[in-house]
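Written out below as structure tokens is the structure these notes cover.
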Amino acid sequence: MENCVFCKIVSGEIPSPRVYEDEQMIVIKDIEPKAKLHYLCIPKKHFTYLSDMDEKKADVLKHCFQVIAEIKNDLGLYEGYRVIINQGKHGGQTVPHLHIHLLGGEPLKDF
Ligand code: 5GP
Ligand code: ZN
């Protein structure tokens, strides 16, 4: 997808150190962390909304959540963490490439 910052990070056009990578996803640190630890889990294949979901995309997201559960301790999230997927304007989505926020490393405020 042209002009998508996360596609450019996935392709390497924009350099961004990965804390995890496999054939379907990457995990990077958020450039503007909203908690002591703030990661972004980004599926390599571009799609924007959960409502774009089909079997293949559902499999990718399933994989993402399984990996998150496997690597959480390596990421320093052993005391718990928050998972957020912002969707659309009211959801506060600023990058139109679906991604999963992982926040933790400290007690998070209620929202
Ligand atoms: P959204 O608001 O779409 O749910 O989340 C987008 C997130 O991506 C924001 O938290 C923002 O700080 C982060 N972000 C935007 N551009 C970059 C970038 O170039 N590198 C990294 N690591 N994070 C980015
Ligand atoms: Zn993209």
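Here are some notes:
- Across the chain, the relative contact order, built from alpha-carbon pairs under 8 Å that are at least six residues apart, equals 31 percent.
- For a modelled paramagnetic label at Lys29, 7 Å from Cα along Cα-to-Cβ, the residues of the range 56-90 in reach, with backbone nitrogen under 13 Å, are 75-76.
- Leu108 sits among other residues whose Cβ lies under 12 Å from its own Cβ, and their net charge, with Lys and Arg +1 and Asp and Glu -1, is +1.
- Positive minus negative residues near Val60 (Lys, Arg vs Asp, Glu; Cβ under 13 Å): -1
- What the phi angles of the range 38-49 give under the Karplus curve with 6.51, -1.76 and 1.60, with θ = phi - 60°, is a coupling list of 9, 10, 10, 9, 10, x, 5, 7, 6, 8, 9, 10 Hz, glycine and proline written as x.
- Take the Cβ atoms of Lys45 and Glu106, set R0 to 30 Å, and the FRET efficiency comes out at 0.40.
- The chain - convex hull of alpha carbons, volume per residue in Å³: 109
- Restriction of the trypsin sites (Lys or Arg not before Pro) in the range 58-111 to DSSP coil positions whose beta-carbon has at most 10 other beta-carbons within 10 angstrom yields Lys109.
No lab work stands behind these numbers, since they all come straight from the coordinates. These numbers were taken from a predicted model, which means no experiment stands behind them. Methodologically, a virtual Cβ is constructed for each residue, glycine included, from the backbone with ideal geometry; neighbour enumeration extends over all protein chains shown.
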